[in-house]
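Asks: The structure under discussion is supplied below as structure tokens; questions concerning it will follow.
The values are calculated or read from the model by the stated rules, or taken from the named source; none is laboratory data. Because the structure is a prediction, the values reported are computed rather than measured. So basically every Cβ, Gly included, is an ideal-geometry build from the backbone, and we count neighbours across all protein chains shown. Calculation scope for accessible area: heavy atoms of the full protein, side chains included, ligands and nucleic acids excluded. Shrake-Rupley method; radii C 1.70, N 1.55, O 1.52, S 1.80 Å.
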Amino acid sequence: QVQLVESGGGLVQVGDSLRLSCAASGRPLSSYAVAWFRQAPGKEREFVASIASARTMTYSADSVKGRVTMSRDNAKNTVYLQMNSLEPEDTAVYYCAARLTYARTYAAAYDYWGQGTQVTVSS
């Protein structure tokens, strides 16, 4: 199994940038497809972005397309989510998740989850 720990969240203002980290242990994260999800109070968990395992092909939700970028650092066994031009609607707890084989855009498909990191965007 693989264990995931998120970090990098915090309080920022509209238009600021953040880079969230998802550090893995137990298994090489390069063997997994990894995705970021977020959940705001009173709302369901929603897909943000994903990155493939064997290749670095990425996909992002329409709500964040053009503002987020996922990347891998295999030496550090870490996946990153770069977020730019942050908006109040981006406020949520952000989770990274992993699964074998292919990336998916729905939360139920993922087997391994981190504890989440809070991102708050104020105006």
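Asks: Inside segment 1-21, can you point out the residues that are charged (D, E, K, R) and over 16 Å from Trp113 (Cα atoms)?
Replies: First, pick out the residues of segment 1-21 that are charged (D, E, K, R): 6, 16, 19.
Result: Asp16, Arg19.
Asks: Same structure again: Tally up the residues in segment 6-34 that are under 13 Å from Tyr80 (Cβ atoms) and aliphatic (A, V, I, L, M), please.
Replies: Of the residues in segment 6-34, 6 are under 13 Å from Tyr80 (Cβ atoms) and aliphatic (A, V, I, L, M).
Asks: So in segment 65-86, with the set limited to residues that are touching a strand residue (DSSP E or B) at 6+ places or on another chain (Cβ under 6 Å) and not polar (S, T, N, Q), which one is modelled with the lowest pLDDT? Before you say what the answer is, go through the steps one by one.
Replies: So the first thing to find is which residues in segment 65-86 are touching a strand residue (DSSP E or B) at 6+ places or on another chain (Cβ under 6 Å), and the list is 68-72, 77-83, 86.
Now narrow it down to the ones that are not polar (S, T, N, Q): 68, 70, 72, 79-81, 83, 86.
Numbers: Val68: 97, Met70: 95, Arg72: 91, Val79: 96, Tyr80: 97, Leu81: 98, Met83: 98, Leu86: 98.
Checked segment 65-86; the qualifying residue modelled with the lowest pLDDT is Arg72.
Asks: Now a separate question. Out of (1) small (Gly, Ala, Ser); (2) under 21 Å from Tyr112 (Cα atoms); (3) over 15 Å from the mean Cα position of the chain (by Cα), what's the single condition that is false for Ala24?
Replies: For Ala24, the failing item is (3).
Asks: Would you be able to say whether some residue in segment 59-72 is outside any helix (DSSP H, G or I), touching a residue at least 40 places away in the same chain (Cβ under 8 Å) and within 22 Å of Gln1 (Cα to Cα)?
Replies: Quick first cut of segment 59-72, residues outside any helix (DSSP H, G or I) only: 59-72.
Narrowing further to those that are touching a residue at least 40 places away in the same chain (Cβ under 8 Å): 59, 61, 72.
Now restrict to residues that are within 22 Å of Gln1 (Cα to Cα): 72.
Yes: one or more hits.
Asks: Let me ask another. Can you name every residue in segment 1-59 that is open to solvent by 40 Å² or more (accessible area, probe 1.4 Å) and among the charged types (D, E, K, R)? Let's see the steps before the verdict.
Replies: Of the residues in segment 1-59, the ones open to solvent by 40 Å² or more (accessible area, probe 1.4 Å) are 1, 3, 5, 7, 11, 13-17, 19, 23, 25-28, 30-31, 39, 41-46, 54-59.
Listed by number, the residues that qualify are Asp16, Arg19, Arg27, Lys43, Glu44, Arg45, Glu46, Arg55.
Asks: Right, next: Looking at segment 47-58 only, could you name the residues that are free of Cβ contacts under 8 Å to residues at least 60 places away in the same chain and either part of a strand (DSSP E or B) or in contact with a helix residue (DSSP H, G or I) (Cβ under 7 Å, 6 or more places away or on another chain) (or both)?
Replies: First, pick out the residues of segment 47-58 that are free of Cβ contacts under 8 Å to residues at least 60 places away in the same chain: 48-58.
Val48, Ala49, Ser50, Ile51, Ser53, Thr58 - these are the residues of segment 47-58 that are free of Cβ contacts under 8 Å to residues at least 60 places away in the same chain and either part of a strand (DSSP E or B) or in contact with a helix residue (DSSP H, G or I) (Cβ under 7 Å, 6 or more places away or on another chain) (or both).
Asks: Touching a helix residue (DSSP H, G or I) at 6+ places or on another chain (Cβ under 8 Å) and β-branched (Val, Ile, Thr): which single residue out of Thr91, Thr117, Thr78, Thr101 fits that description? Can you show your working first?
Replies: Numbers: Thr91 fails: touching a helix residue (DSSP H, G or I) at 6+ places or on another chain (Cβ under 8 Å); Thr117 fails: touching a helix residue (DSSP H, G or I) at 6+ places or on another chain (Cβ under 8 Å); Thr101 fails: touching a helix residue (DSSP H, G or I) at 6+ places or on another chain (Cβ under 8 Å).
The conditions single out Thr78.
Asks: Give the number of residues within segment 89-110 that are open to solvent by 60 Å² or more (accessible area, probe 1.4 Å) and not in a loop (DSSP other than H, G, I, E, B). Reasoning before the result, please.
Replies: Looking only at segment 89-110, we keep the residues that are open to solvent by 60 Å² or more (accessible area, probe 1.4 Å), and these are 89, 100-102, 104-106, 108.
So of that shortlist, the ones also not in a loop (DSSP other than H, G, I, E, B) come out as 89, 108.
Looking only at that region, the number is 2.
Asks: If Pro41 satisfies every condition in (1) in contact with a helix residue (DSSP H, G or I) (Cβ under 6 Å, 6 or more places away or on another chain); (2) without any contact (Cβ under 8 Å) to a residue 24 or more places away in the chain but one, which is the exception?
Replies: All conditions are met except number (1).
Asks: Then there's this: Just give me the residues in segment 114-123 being assigned to a strand (DSSP E or B) and crowded, with 17+ Cβ neighbours inside 10 Å, in sequence order. Steps first, please.
Replies: Kept after step one, since they are assigned to a strand (DSSP E or B), are these residues of segment 114-123: 117-122.
Across segment 114-123, the qualifying residues are Thr117, Val119, Val121.
Asks: If you don't mind, there's one more thing I want to ask. Which residues, counting only those in segment 1-46, are farther than 13 Å from Tyr95 by Cβ, touching a Ser or Thr at 6+ places or on another chain (Cβ under 8 Å) and assigned to a loop (DSSP other than H, G, I, E, B)? Don't jump to the end; show me each part of the working.
Replies: Filtering segment 1-46 for residues farther than 13 Å from Tyr95 by Cβ gives 1-3, 10-19, 23-33, 41-43.
Pick out the ones that are also touching a Ser or Thr at 6+ places or on another chain (Cβ under 8 Å) and you get 2-3, 10-15, 17, 23-24, 29-33.
The answer is Val2, Val14, Gly15, Ser17, Tyr32.
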